[in-house]
Amino acid sequence: MGTKKQNKVKFAFLLDLESAYKTLLRNKIRSLLTILGIIIGVGSVIATVSIGQGASKAIQNSINSMGSNMLVILPGSSSLGGIRSGFGVLPTLTLNDAYAIRTLQAVKTDSGMLGMSQQVIWRGNNWTTLINGANSTFTEIRKWPVARGVFFNRQQVVSAANVAVIGNTAATELFGLISPIGHIILIHSIPFTVIGELTVKGFNAFGQDQDDVVVIPITTMMEKIAGTTWVHAIMVSAKTQKDTVLAQSEITALLRQRHHIPLHKPSDFFVRNLTEIAQAANSSAATFTILLASIAAVSLLVGGIGIMNIMLVSVTERTKEIGIRMAIGAKKSDILKQFLIESSVLSLFGGILGVGLGFAISSAISSFSPLKTIVTTEPIIISLVFSLCVGIFFGFYPAFKASRMNPVEALRYE
Amino acid sequence: MNTGNDYDINNSRNSGEPLIRLENIGMIYKIGDISYEVLKKINLLINKGEFVSVMGASGSGKSTLMNILGCLDKSTSGSYFLEGKDVSGLTSDELAEIRNKKIGFVFQGFNLIQRLSILENVMLPLYYAGLHSKDAEKMAFESLKLVDLFEKGNKFPNQISGGEQQRVAIARAIVNDAPIIMADEPTGNLDSVRGADVMKFFEKINGERGATIILVTHDKNVAGYARRLITVKDGEIV
Ligand SMILES: Nc1ncnc2c1ncn2[C@@H]1O[C@H](COP(=O)(O)OP(=O)(O)OP(=O)(O)O)[C@@H](O)[C@H]1O
Ligand SMILES: [Mg+2]
C-alpha cells in the first residue's frame, strides 16, 4: 500500500479538484452569480491597468515627439509661477540671447521661436495658420524631419530668405493633393517659396494639430512679418537627458547676466524642462491608474463576500453530506480542505473569466477610442493570484464552520 | 469462533480483553432546561467475532447506543474501551480515524451522498484512509460485487431502488475490511426475501472474515440470525 504513496498523494489533489469542479458545475447559474463580483472586479482591474498603460505609452510617445531633451525659455517671471502677461508678450528675449546660449557647455543646439497667426494664400486658396519663425536647427530640436523637399539652411536664416517649409495640414488645405514644393505662397502679402514639407506629427498633448503650421526663417519672421527685435521663445536641446538640469542652470545664469538682473531681483524669463513636465504628467497618469485599480480591487473584495455568503449556504445545505463524510472517517482537516478547494476553484475561475472580460473591455476601448490600451502579463498574474487568495480567505470561515460540525447532529439534519 | 488475526488490533492479542467493553455508560440529552436520560448505566461486553443483535422498542435508545459504540458520539458518563483502549478521551480526529479504519457503519437511513455516484460513495472511506486512484476503484468494485451491484457503479443513489441503496450502504461499510460492522435497521426498508439476503450476507462476512457484527432490528426473524441477542428497554439492557 505504501509503495505508491507519492503518486497517490499527487493524484488525490487532482481528485479533490475534480470533485470541487463537479460540485460547482451542478449549480451552474448559482456558481456564475457567485463569481460575478470577482469577474467584474478582475475585469475592471485588467481594463483600468490597460488604459493606464496605454495612456502612459501615449505620454511617452508625446515626450519623444516633442524633441530630444528639450528646454523652452519663455519671457516672464518664474517666481510668479507662470506667464502673467500672456504668452510671449514681454519683449525680454532676443535672437542674440539665443546665439549666446548656443555657446554653453550642456547645450547642443537652439532656436529662437516667434509664432504668429497669419493668412496664407496660394492662387485662389487661403488658409489661416500658425507661422513659426525658427532657426535651421528646428528639425533637430523638434525631431521633426521633412517628408519631401528640404528644410532651410543656416545661410537662408542669416540672409532672411523668403523660403517656407509647410506642415501637412496647411499643405493639404492650400494645395490639396498637389505637391507644394516649388510653389510660391503669400504670407502677409510677401511671396515665399515652399522648399519643403514636414512629416506628419499629429496632435499634441493639448489637442492642437501640430501639422497646421508654416515654418520660415526666424530672421525673415522678425524683420519682414512681425517687425520685432525679440522672440517669443527660445527652444534649446541639451546634449543629453542628464544635461537638461545643468543646461537649465547655465541658461538661467547666462541670461540673468546678459539682462543685467541684480541678485535680489527675479529673472525676467523662465526655463521650462519639457521632459520633466511630461514625466510629471506620466506619474499623475500612474497615480490615476492606481486609484482606479484600487477601486476595482474593492469590488474584488465585495466579490469575496459573495463567495463567503454562498459557501455558507452551501455548507448548511450539505450538512447531511458533511455528517456522512465524518461518519465514515473524514477528519476536520479533510472537510476544511474540501470546502476551501471549492471556494478557491470558484474564485479562481471567476478570476479567469474576469481576465477574459478585461481583455474584451480593453480591446473594445482600443477600437472605439483613440487610446490604444496595453494588456501586460503582470496585472493578469496579480489579479489571478489575488482572486485565489480571496477564495481562500473568504472560503475559510464557511469551511471552518463545516469542519467543526458534530457528526451525529449533522447526520440528523434533513 | 474465528481466531485469525487479519485485523491486527494492538492490544487484543495479549489478553482476554473483549473487543468492546462498556462501563456504566450513560447518555443525557439536554433540551433547554429539561434533560432526558436516554441511556442509564449500560454495561456491555462484546468479544471479537461475535454476531450480536440489539432489539427494543422505538425510542428505547438503540440508535443512541449504536452511535456511541460506533464512536460517532461520546457518552455523557461512563467509559468505553475498544480493544482495551479507553476511547472516551480521544479527540474528534482520533475518533474519525477509528471510524474509518475499524468500523463500518450501516445507518438507519441509507445516508448515501446524493451527488456522488454509487461507486464514489463506496470509495469514500478509502479516500479518507488515504487510498486513491485505481486501487481504491478496484476495491470498491469488489465490494459492490459482493452485494450484487457491480454493474450499477456509475448510477446515482436516486436512480436505484431503496433495497439497492441499502446494499450500497453495506458495500460502503465493508469496503475498508473493517473488523467491526454496525448496522442500524439494515433490513427495515426491505421485503423479507431481500432482508434474508442481507442477513445471509452479514452471516457470511461474520463467518469468512471474522468480522464482529452488531445490528439493531425490530424484526425477530432478523434477530434470529445473530448468535446473541441484547434487549434495550428505557435506556437499560435487560
Ligand atoms: N439529539 C437528541 N436530542 C434529544 N433527544 C434525543 C436525541 N437523540 C435521541 N434522543 C432521544 O433519545 C431517545 C432514544 O432515541 P434513539 O434514536 O436512540 O431511539 P431508538 O431506540 O433508536 O428508536 P427507533 O427504534 O425508533 O430508531 C428518544 O426518545 C429520542 O427522542
Ligand atoms: Mg433508531
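The values are calculated or read from the model by the stated rules, or taken from the named source; none is laboratory data. Quantities reported herein were computed from a predicted structural model and do not represent experimental measurements. Here the Cβ is made from the backbone with ideal geometry for all residues, glycine too, and neighbour counts use every protein chain on show. Quick note on the areas: whole protein, heavy atoms, side chains included, nothing else; ligands and nucleic acids left out. Shrake-Rupley method; radii C 1.70, N 1.55, O 1.52, S 1.80 Å.
For the reader, a short list of remarks on this structure follows.
- When Rg and the Kirkwood Rh are both derived from Cα coordinates, the Rg/Rh ratio for the protein assembly as shown amounts to 1.36.
- Using the 1.4 Å probe convention, the accessible area of the range A:355-395 works out to 58 Å² per residue with neighbouring protein chains retained.
- C-alpha center-to-center spacing [the range B:86-147, the range A:98-131] in angstrom: 89 Å
- Once the 1.4 Å probe is applied to the protein heavy atoms, the range A:91-267 comes out at 46 Å² accessible per residue.
- Over the range A:91-267: Rg over Rh, Cα atoms, Kirkwood Rh: 1.01
- Only protein heavy atoms count here; on that basis, with a 1.4 Å probe, B:Lys138 has an accessible area of about 140 Å².
- For chain A, calculated [θ]222 nm from helices alone, where every DSSP H run of n ≥ 4 adds -39500 (n - 2.57): -18500 deg cm²/dmol
- The alpha carbon convex hull volume per residue for chain B rounds to 134 Å³.
- Relative contact order computed over chain A (Cα-Cα under 8 Å; 6+ residues apart), in percent: 28 percent
- Straight Cα distances below 17 angstrom link B:Lys41 to the aspartates and glutamates B:Glu23, B:Asp73, B:Asp86, B:Asp234, B:Glu236, with same-chain residues fewer than 8 positions distant left out.
- Taking amide hydrogens as placed 1.01 Å from N in the peptide plane, the amide H of B:Ile230 sits under 5 Å from those of B:Ser53, B:Val54, B:Met55, each at least 5 positions away in sequence or on another chain.
- Part-to-part distance (alpha-carbon centres) for the range A:37-55 and the range A:250-269, which is given in Å: 49 Å
- Amide H contacts of B:Val106: B:Met182, B:Ala183, B:Asp184, each under 5 Å away and 5 or more positions distant or on a separate chain (H built 1.01 Å from N in the peptide plane; Pro and chain starts excluded).
- Largest mean-square fluctuation among B:Asn121, B:Asn206, B:Asn189, in a Gaussian network model of chain B whose springs join Cα atoms under 10 Å apart, belongs to B:Asn189.
- Computed over chain A with a Gaussian network model linking Cα atoms closer than 10 Å, the most mobile of A:Met113, A:Met308, A:Met235 is A:Met308.
- For A:Gln210, the residues 5 or more places off, or on other chains, whose built amide H falls under 5 Å of its own are A:Gly202, A:Phe203, A:Asn204.
- Accessible area of the range B:80-195 belonging to carbon and sulfur atoms, whole % at 1.4 Å probe: 50 percent
- Accessible-area ranking of B:Met199, A:Met405, B:Met139, B:Met55, largest first, probe 1.4 Å: B:Met139, A:Met405, B:Met55, B:Met199
- For chain A, the antiparallel share of DSSP beta bridges with both residues in that region comes to about 80%.
- Heavy atoms of A:Glu173: accessible area, 1.4 Å probe, square angstrom to 10: 90 Å²
- Alpha carbon centroid spacing (whole Å) that separates the range B:26-71 from the range A:345-372: 61 Å
- Between A:Thr199 and B:Leu45, the simple label model (points 7 Å from Cα in the Cβ direction) yields a spacing of 10.4 nm.
- The HN-Hα couplings worked out from phi for the range B:176-185 by the Karplus form 6.51 cos²θ - 1.76 cosθ + 1.60 (θ = phi - 60°) are 8, 6, 5, x, 10, 10, 10, 9, 9, 6 Hz, whole numbers, x standing for Gly and Pro.
- Accessible area in the full protein assembly, largest first, 1.4 Å probe, for A:His260, A:His188, A:His232: A:His260, A:His188, A:His232
- With a 1.4 Å probe rolled over the protein heavy atoms of all chains, the accessible area of B:Arg167, A:Arg412, A:Arg102 falls in the order A:Arg412, A:Arg102, B:Arg167, largest first.
- Residues of the range A:316-348 buried by at least 40 Å² on assembly (accessible area, 1.4 Å probe, chain alone as reference): A:Glu321, A:Ile324, A:Arg325, A:Ala327, A:Ile328, A:Gly329, A:Lys331, A:Lys332
- Taking chain A as a Gaussian network of alpha-carbon nodes connected by springs under 10 Å, the highest mean-square fluctuation of the residues A:Val231, A:Val313, A:Val150 belongs to A:Val313.
- Accessible surface, per residue, of chain B when the full set of protein chains is kept, probe 1.4 Å, Å²: 44 Å²
- Antiparallel DSSP beta bridges within the range A:91-267, percent to nearest 5: 75 percent
- Share antiparallel - DSSP beta bridges, chain B, percent rounded to 5: 50 percent
- The interface between chain A and chain B buries about 2600 Å² of solvent-accessible area in total (1.4 Å probe, ligands and nucleic acids excluded).
- Cleavage-rule hits (trypsin sites (Lys or Arg not before Pro)) in the range A:222-283: DSSP loop, at most 11 neighbouring Cβ within 10 angstrom: A:Lys242
- Whichever lysines have a C-alpha closer than 25 Å to that of B:Lys145, once near sequence neighbours (fewer than 8 apart) are set aside: A:Lys8, B:Lys101, B:Lys102, B:Lys134, B:Lys155, B:Lys200, B:Lys204
- Derived scalar couplings between HN and Hα for the range B:45-53 equal 10, 10, 8, 4, x, 6, 10, 10, 10 Hz in order, rounded to whole Hz, by the Karplus curve 6.51 cos²θ - 1.76 cosθ + 1.60 (θ = phi - 60°), x for Gly and Pro.
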